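Encoded as structure tokens, the structure appears first; notes follow it.
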Amino acid sequence: MLDGPLWISTVKVTVHQGVKLLARLIFVTGYAYSTLQKNKMNTINTIALVAHDNRKKDLMEWVDWNFQILLPHHLVCTGTTGKLIKELMEEKRQAGEERPQVTRLKSGPLGGDQQLGALIAEGKVDMLIFFWDPMEPQPHDVDVKALLRIAVLCNIPTASNRSSADFLISSPLLEGGYERKVIDHSNYTERKIF
């Protein structure tokens, strides 16, 4: 029996061995890769925007640059980031343009990261743009890790810097029609404990 996550480095296998290896991985991890749920992205998406203090300026410049693309989407932000984004978008909005939809959650260290993670787990967020600070320890590092983990678990597109955010926001898939596949974890949730 394995005691932790199974890590596989470079391995050369034949097709037959590969199928056996995949079957073993499915058995060991308990994930049902054969059953995938699909979540279809719409033309109007819910985009989460988060930035640590030392990265807020970068995110604000990015939002400013991508204002027209972001305007029709529903934006969900943590605390201060949400306040700054809402102010910027209201400032840039021309007379007659639709009002930006910005939902502010609590500040990240005060539970906002957890609120956002819950929204992702419920399938209510389509994309996460999180400019996190790799150079500063955060008092809520465990919440940050949990947020990033749930984004990966739910398979939502995630950007952690301007370059990756630029790739996501400029993707033709943003305009709808993309079916995001999510692993069915029912084997885990319905596992026998005793």
At a Cα cut-off below 12 Å, give the aspartates and glutamates reachable from LYS92, other chains included and same-chain residues fewer than 8 away excluded.
-> ASP64
Among region 51-80, those whose backbone N falls under 17 Å of a label point 7 Å along Cα→Cβ from GLN138 are 51-60, 76-80
How many Å³ per residue does the convex hull of the Cα positions in region 89-194 occupy?
-> 162 Å³
In vacuo Debye scattering of region 58-104, one point per C-alpha: log10 I(q)/I(0) at q = 0.16, 0.19, 0.20, 0.26 Å⁻¹?
-> -0.36, -0.51, -0.57, -0.98
Estimated vicinal HN-Hα couplings, Hz - region 65-78 in sequence order (Karplus 6.51, -1.76, 1.60; Gly, Pro = x) | 5, 9, 3, 5, 6, 6, 3, x, 8, 8, 9, 10, 9, 8
In nm, what is the difference between 0.36 nm times the number of residues separating THR103 and GLU87 and their Cα-Cα distance?
-> 4.5 nm
Rg followed by Dmax, in Å, when region 77-148 is reduced to its Cα trace | 13.8, 43
Once phi for every residue in region 52-59 is put through the Karplus expression 6.51 cos²θ - 1.76 cosθ + 1.60 (θ = phi - 60°), the whole-Hz ³J(HN,Hα) values, with Gly and Pro written as x, are 6, 3, 6, 10, 4, 4, 4, 5
Taking 0.36 nm per intervening residue step and subtracting the Cα-Cα distance, what contour gain separates HIS185 from ALA118 on full extension?
-> 22.5 nm
Gap separating the Cα centres of region 88-109 and region 118-194, nearest whole Å | 22 Å
What are the ³J(HN,Hα) values, in whole Hz, obtained from phi via the Karplus relation 6.51 cos²θ - 1.76 cosθ + 1.60 with θ = phi - 60°, for each residue of region 107-123 in sequence order, with x given for Gly and Pro?
-> 4, x, x, 9, x, x, 4, 5, 4, 5, x, 5, 4, 5, 4, 7, x
Under a plain spin-label model, where a point goes 7 Å from the Cα along Cα-to-Cβ, how far apart in nm are LYS145 and LYS57?
-> 3.0 nm
Any of LYS56/LYS106; LYS145/LYS192; LYS57/LYS124 with alpha carbons more than 24 Å apart? Name them for me.
-> LYS145/LYS192; LYS57/LYS124
Which residues qualify? For ARG180, with a placed amide H closer than 5 Å and at least 5 residues away or on another chain, they are ASN39, LYS40, MET41
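Computed from the coordinates by the stated procedures, all read-outs in this text should not be read as laboratory data. Every value quoted in this text rests on a predicted model; they were computed, and no experiment measured them. Glycine also receives a Cβ, built like all others from the backbone with ideal geometry; neighbour counts cover every protein chain displayed.
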